[in-house]
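Worksheet: the structure to be examined is printed underneath.
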Amino acid sequence: MKIKKLSRNKVYWILQISGWGTYFVLNYLFLTSMKEFKLYQLVNMVLFSLLGLIFTHLFRKIIHKYKWKNLLIQSLFPKVVLSNIIQGVSLVLIVIAVDLLIAPESAKKYNLVTIAFFTLNSTILFFMWALVYFAVHFFENYKKAEIEALIFESAVKDFELKSLKSQLNPHFIFNAMNSIRALIEENPQRAKEAVTKLSNIMRYTLKIERTEIVPLSEEIETIKDYLDLEKIRFEERLDYEINIDKKSERIEIPPMMIQTLVENGIKHGISKITSGGKIKIETKIFNGFMFIDIFNPGRIDEFSLRNSKGFGVSNTKQRLNLIYGDKANFKIQNTEENLVHTQLKIPLGE
């Protein structure tokens, strides 16, 4: 069975009628429990409840017309109090007038103190209605503002991620093309394989424009293609070793993140060392996290470490923070074996 969502106006009238109806029932039960209950008292209760509903509805129209919901509390409070006093006095005068018209003998029960007490009670009742009404709208607007803030934050994150990913296009393309051109006559078969690997990388970069995360296995395949292309340029100066925990292959990570760090390892490490060296990539699962370790020969100075510049550190930290918040971690440090050790710590889903 399909349930229709009630409109705001219907909900308002349901609450209005329920509220004043409940007020009438409670007063009726109280008065009928007394020994003497007269018909004019019932008329008074019906009239009071009906006028209460009408007055509060008119008050709501005034709130909407003059946009009181947008006022600050210091401006709103005196307007509400004055309006409630006017409603309370008006209601009491009408009820007393009708009461005297129906039962003139009831005049003896009214005096200044009785009328003042009756007016105070009516004013407090209207004030309670206004308090509930503005409280509902306050929490509704607060929730709306909270949702809008989340939407805005999500849009900002999406923009920032796209901006960061736009910086991640491989910088080696021109070098790879030159290397492939040199291979065409020397080793045509190897040149064809290199073109295929470059095509795979380009296809991957196009794919990541539409997603924030990819399986680790896809990232690793792209890195292998990248390193194979770089081996054409560096020849025996570049070697690599990749050890991936089988359990981590399907885990999703930000695309091109490992690729960027490997690229920086070659640019700032191997390319500056005459003898070259080995790029080593390892992954492992431990205690609810996936650890990705990247090793490359070379050293990084303390200034670069502190300022997070020149090694893709700033970019990586921003992307990890945008996607995982404080749960992820990134560190880069020198080791005693004259290697640079970069580690990503990524939280696993529940």
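Just so it is clear, none of the values below were taken in a lab; they were calculated from the coordinates. Everything quoted here is computed from the prediction, not taken from an experiment. Glycine also receives a Cβ, built like all others from the backbone with ideal geometry; neighbour counts cover every protein chain displayed.
Just flag the GluC sites (Glu not before Pro) in the stretch 249-289 sitting in loop per DSSP whose Cβ has no more than 16 other Cβ atoms within 10 Å.
When the GluC sites (Glu not before Pro) of the stretch 249-289 are filtered for loop state and at most 16 Cβ neighbours within 10 Å, Glu249 remain.
Counting neighbouring beta carbons within 10 Å and listing from fewest to most, the residues Arg299, Arg237, Arg210 come out as Arg210, Arg299, Arg237. In plain terms, the residue of Ser33, Ser248 with the fewest other Cβ atoms within 10 Å comes first and the most crowded comes last, giving Ser33, Ser248. Distance cut-off 27 Å, Cα to Cα: go down the list Lys246/Lys331; Lys144/Lys207; Lys207/Lys231; Lys79/Lys144; Lys197/Lys246 and report the pairs above it. Over 27 Å apart, Cα to Cα: Lys144/Lys207.
Report the calculated FRET efficiency for Ile173 and Asp245 (r = Cβ-Cβ distance, R0 = 41 Å), to the nearest 0.05. The calculated FRET efficiency here is 0.85.
Hydrodynamic radius of the chain by the Kirkwood approach over all distinct alpha-carbon pairs: 27.3 Å. For the chain, the 222 nm mean residue ellipticity estimated from helices alone, with every DSSP H stretch of n ≥ 4 adding -39500 (n - 2.57) and the total spread over all residues, rounds to -22000 deg cm²/dmol.
Dividing the alpha-carbon radius of gyration of the stretch 196-350 by the rule-of-thumb value 2.2 N^0.38 Å gives 1.01. In the chain, the longest principal axis of the Cα atoms and the axis of helix 39-65 are about 40 degrees apart. Only alpha carbons enter this Debye calculation for the stretch 8-150, each as an equal point scatterer, and the log10 of I(q)/I(0) it gives at q = 0.08, 0.13, 0.15 Å⁻¹ is -0.28, -0.67, -0.84.
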